[in-house]
Amino acid sequence: MKLCIVGTGYVGLVSAACFAEMGNRVVCVDVNPDVVAKLREGYVHIYEPGLEDMVKRSYADGRLYFTTSLAEGLEEAECVFICVGTPSREDGSCDLSYVEQVARDIGSHMSRELVVVDKSTVPVGTADRVRELIQAELTRRGETLDFDVVSNPEFLKEGDAIADFMKPDRVVVGSSSPRAAGARREL
Ligand SMILES: NC(=O)c1ccc[n+]([C@@H]2O[C@H](COP(=O)([O-])OP(=O)(O)OC[C@H]3O[C@@H](n4cnc5c(N)ncnc54)[C@H](O)[C@@H]3O)[C@@H](O)[C@H]2O)c1
């Protein structure tokens, strides 16, 4: 499948490298130009044994690409994964501003039907919020594109993340859409 991963931190980069290793074509988008420039040079900014070799291999084979442009990332994507941070606020609640910004940006730039997958760790109800924000942008643009929102939280452990991703002891996928469930089987 053709995938777009938004956020190349721990979860995004490991997911992208593993999906590319499985044969998918993956475009990674990050707002940090330094991170994108380093990844294009084959330098991985997080500690994860084996990840740098996987990234270099898939990048050289053209199955993995890095950009700061979400529009470019979404050009051919069938599925987009939201993998940005959700830091805790002082009161213990979850700061969803990065996830919400990505949802708005997806609505602003998507140009075809899309399955939107939330991999960030988020509270119950976030999928509805993501759907609302994407739809609001589409309405503002006068576009009527179909999209589904899916929850697929990540449980990987830093330092053993590739093994956790490739051989998970559980995969949680939540969606009300049969089309989105079909996309999961194709990956
Ligand atoms: N790190 C872990 O081991 C782990 C494990 C399971 C789940 N999670 C969850 O996964 C999510 C991501 O965690 P992480 O540790 O990978 O985050 P991270 O902070 O390491 O990386 C997030 C990346 O997203 C980028 N970003 C922020 N806003 C963006 C935007 N609008 N567009 C594009 N890129 C943007 C940042 O530049 C950064 O590179 C969080 O919800 C976290 O709780 C993390």
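Structural remarks
- Among beta bridges from DSSP that stay inside region 2-186, the antiparallel ones total about 10%.
- A cut-off of 5 Å between modelled amide H atoms, ignoring neighbours fewer than 5 places along the same chain, links V80 with C4, V115, V116, V117.
- Taking a ≥ b ≥ c as the square roots of the Cα gyration tensor eigenvalues, region 71-125 comes out prolate, since a/c reaches at least 1.5 and a/b is larger than b/c.
- Annotation: amide H of F66 within the under-5 Å range of C28, sequence separation 5 or more or interchain, hydrogens built in the peptide plane.
- Of the Cα atoms belonging to region 1-98, the radius of gyration and Dmax stand at 13.5, 46 Å.
- Total charge dipole magnitude, region 120-170, about the Cα centre, Cβ charges on Lys, Arg, Asp, Glu only, Debye to nearest 20: 100
- Subtracting the Cα-Cα distance of S93 and I46 from their residue separation scaled by 0.36 nm leaves 14.3 nm.
- Shape analysis of region 25-170 places it in the oblate category; the axes a ≥ b ≥ c from the Cα gyration tensor give an a/c of at least 1.5, with a/b not above b/c.
- Computed from phi, the 3J(HN,Hα) profile of region 33-40 under the Karplus parametrisation 6.51, -1.76, 1.60 (θ = phi - 60°) reads x, 5, 4, 5, 4, 5, 5, 5 Hz, with x in place of Gly and Pro.
- With the convex hull constructed from alpha-carbon coordinates only, region 99-187 shows a mean projected area of 6.5 nm² over all directions.
- Spatially near lysine pairs across the chain, Cα under 22 Å, sequence gap of 8 or more or different chains: 9
- Modelled label reach - A163, point 7 Å along Cα→Cβ, region 48-72 residues with backbone N closer than 16 Å: 48-51
- Length available on full extension from N32 to E78: 0.36 nm per residue minus the Cα-Cα distance, which gives 14.2 nm.
Bear in mind that the values in this text are calculations on the coordinates, not laboratory data. No experiment lies behind these values; they were computed from the predicted model shown. Positions of Cβ are generated from backbone atoms using ideal geometry, with glycine treated the same way; all protein chains shown enter the neighbour counts.
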